[in-house]
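Down below is the structure, laid out as structure tokens.
The values are calculated or read from the model by the stated rules, or taken from the named source; none is laboratory data. The model shown is predicted, which means the values in this text are computed figures rather than measured ones. Ideal geometry is used to build each Cβ from the backbone, glycine not excepted, and the neighbour counts take in all protein chains shown. In case anyone asks, the SASA skips ligands and DNA or RNA and just uses the protein heavy atoms, side chains included. Shrake-Rupley method; radii C 1.70, N 1.55, O 1.52, S 1.80 Å.
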Amino acid sequence: MREFAHIASHDLKEPLRTILGFVQLLELKFGHLAHTDAKNYINYITIGIQRMENLINALLQYTRINNSPLTIEKVDTQLLLKELENSLNDLLQRKNAQLHYENMPIILADDQQIRQIFQNLIQNGIKFNKNTLPTINIEAVDKETYWEFSVKDNGIGIAPEYQEQIFTIFNRLHNQNEFEGTGIGLSLCQRIVERHGGRIWLDSEPGLGTTFYFTIAKKQ
Ligand code: ADP
């Protein structure tokens, strides 16, 4: 897998860079002569290359997280969410979105990886949301041997027949024009949760919103 990540980063990216370089040259040298159709085609090629680059980077992130050993430490999830809220401030403002959480626990986990789960779920809750006031409510319930976290949004929801397949890598329910993405976020969340002795699932009502649940074992 490590080898694969290496190949992905170098061998796959290199030809993309070459294509991008020549497309840019084509535009620079002949752009002023080109027919509108040709300009549009150049534009589509550029978008395609960028998308491929995003996918490679996402795949790399997946293999990196999958392979790196867990660093288990005390993680204050209240503080972690405060930091995430600050780093997502631009997005929250742009989407007029609100984040609610309180009395979140201190858990034993890998800080970076738990951060990744919350970040993915929060970003998805805001992205797949057409509400004028996107709202994300985060809670934690003490289940004695594990913590059960929930991230609830008031977004577009997910029809029952799709609820399982969204955890499969690259599976998406929308095209890029509707909602951008790589289809890697949830499979990454599932992998991280499983590495922490937990599970992830969801409850959703199309049109009303989605709640993602995940558990983290207290003993790591
Ligand atoms: P990405 O966000 O890059 O598309 P994810 O793996 O995070 O990839 O999600 C997979 C798919 O699951 C999304 O494309 C979307 O169709 C659906 N999805 C994920 N989160 C939500 C949500 N909160 N509300 C509605 N649909 C969602």
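Could you identify the single residue in I117, I126 that is within 10 Å of the ligand (Cβ to nearest atom) and not in a strand (DSSP E or B)? Even if it seems obvious, please write down each step before you answer.
On the way: I117 fails: within 10 Å of the ligand (Cβ to nearest atom).
None of the other options fit; the residue is I126.
Does T215 satisfy being more than 11 Å from the ligand (Cβ to nearest atom) and either open to solvent by 70 Å² or more (accessible area, probe 1.4 Å) or assigned to a strand (DSSP E or B) (or both)?
Values: more than 11 Å from the ligand (Cβ to nearest atom): yes; either open to solvent by 70 Å² or more (accessible area, probe 1.4 Å) or assigned to a strand (DSSP E or B) (or both): yes.
Yes: the conditions hold for T215.
Restricting attention to segment 134-161, which residues are under 23 Å from I114 (Cβ atoms), outside any strand (DSSP E or B) and of a type in the set (G, A, S)?
G155, the sole residue that qualifies.
Within segment 174-203, track down each residue that is within 7 Å of the ligand (Cβ to nearest atom), surrounded by 18 or more Cβ atoms within 10 Å (Cβ to Cβ) and under 20 Å from T135 (Cα atoms).
Residues satisfying the conditions are G185, L186.
Sort out which residues of segment 139-157 are within 13 Å of the ligand (Cβ to nearest atom) and within 28 Å of T63 (Cβ to Cβ), and write them in order of number.
Going through segment 139-157, the residues within 13 Å of the ligand (Cβ to nearest atom) turn out to be 150-157.
V151 - this is the single residue of segment 139-157 that is within 13 Å of the ligand (Cβ to nearest atom) and within 28 Å of T63 (Cβ to Cβ).
Please tell me if E164 is more than 10 Å from the ligand (Cβ to nearest atom), loosely packed, with under 13 Cβ neighbours inside 10 Å and under 26 Å from T63 (Cα atoms). I'd like the intermediate steps shown before the answer.
Details: more than 10 Å from the ligand (Cβ to nearest atom): yes; loosely packed, with under 13 Cβ neighbours inside 10 Å: yes; under 26 Å from T63 (Cα atoms): yes.
So E164 passes the test.
Do the conditions hold for E3, that is, is it open to solvent by 100 Å² or more (accessible area, probe 1.4 Å), part of a helix (DSSP H, G or I) and of a type outside the set (K, R)? Write out each step before concluding.
Numbers: open to solvent by 100 Å² or more (accessible area, probe 1.4 Å): yes; part of a helix (DSSP H, G or I): yes; of a type outside the set (K, R): yes.
Yes; evaluated as a whole, the condition is true for this residue.
Quick one: N131 ticks every box in (1) open to solvent by 30 Å² or more (accessible area, probe 1.4 Å); (2) in a loop (DSSP other than H, G, I, E, B); (3) in contact with a Lys or Arg (Cβ under 9 Å, 6 or more places away or on another chain); (4) of a type outside the set (S, T, Y) except a single one, so which number is it?
Of everything listed in (1) open to solvent by 30 Å² or more (accessible area, probe 1.4 Å); (2) in a loop (DSSP other than H, G, I, E, B); (3) in contact with a Lys or Arg (Cβ under 9 Å, 6 or more places away or on another chain); (4) of a type outside the set (S, T, Y), N131 misses just condition (3).
Go through segment 162-199 and give me each residue that's free of Cβ contacts under 8 Å to residues at least 60 places away in the same chain and either assigned to a helix (DSSP H, G or I) or among the aliphatic types (A, V, I, L, M) (or both).
Within segment 162-199, Y162, Q165, I166, F167, L173, Q190, E194 meet the criteria.
Would you mind stating whether L202 is at pLDDT 95 or above, touching a Ser or Thr at 6+ places or on another chain (Cβ under 9 Å) and not in a helix (DSSP H, G or I)? Show your work before the answer.
Values: at pLDDT 95 or above: yes; touching a Ser or Thr at 6+ places or on another chain (Cβ under 9 Å): yes; not in a helix (DSSP H, G or I): yes.
Answer is yes for this residue.
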